[in-house]
Structures are given as structure tokens and as C-alpha cells.
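Each reported figure results from applying straightforward, stated rules to the coordinates on display, with no laboratory input. The shown structure was predicted, so the numbers you read here are calculated from the model rather than taken from an experiment. Virtual Cβ from ideal backbone geometry, glycine too; neighbours counted across all protein chains shown.
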Amino acid sequence: MANIAFIGKEHILYTLRYFGTQFFYAATAQDAEARLHSLIDDPTGDWGIIYIEECLAEPFLDRIIALNQRFLPVISLFPSTSEKKGLSGMILNNLVRKVTGVELRFEE
């Protein structure tokens, strides 16, 4: 079974461990990118989905989009409680479009 990882700076996400996921703290975008690559390169990790807090992922978003051309792991974003930039919706839309050919519409 594939594992699920969260990379972020929100300490509240530690509670996700109770649901069988792993949380990896990253203070900066560089920390998040380094952790992402260590998870992808981990031969024993078997990561199926890696979520990254969008405020950390923004500087290397092009790299994330390129990595999502692979089958696994799927890399997605989640909004932080302090900053919401809409990047997570864009990544989700790209994944859905790739799989189904359907464009999602987000309305506020």
C-alpha cells in the first residue's frame, strides 16, 4: 500500500499521523524542496501522494508540475491557514485534467 506524506510548517498537521500519514516539517521552501526530493528518491518509502503546503511550494511550482508527469508519487498542494494563493486548486485541476480531460471550476 502506498504511503501519504505531508510537508509543511503548520504544526497542527502532526495530528495527521493518527490517520496513517507522515508529516515532515519544513521551515522554508528550500527545506520543502529538499524533503520532497528525499522522499521521491527513497527506495523504501513507497510514497503514493505527497502534499506540500502551498506557501512553501510556490518557488518550485514548475518542478512540481514536471514531477507530476510521472505516475507516482502524485504531488499536490494544500493551502496554509495563513496564506491562500489558489495554487492547490491549480495543481488539483491539472491532475484532474490529465486523468479525465475535464476542467474543474472553482468559485468563491
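The table below lists the values:
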quantity	calculated
Order by protection proxy (mean Cβ within 10 Å, highest first), peptides 48-60, 28-40	48-60, 28-40
Order of Phe6, Phe24, Phe71 under a 10 Å beta carbon neighbour criterion, fewest first	Phe71, Phe24, Phe6
Cβ-derived FRET efficiency at R0 30 Å, Tyr25 paired with Arg63, nearest 0.05	0.90
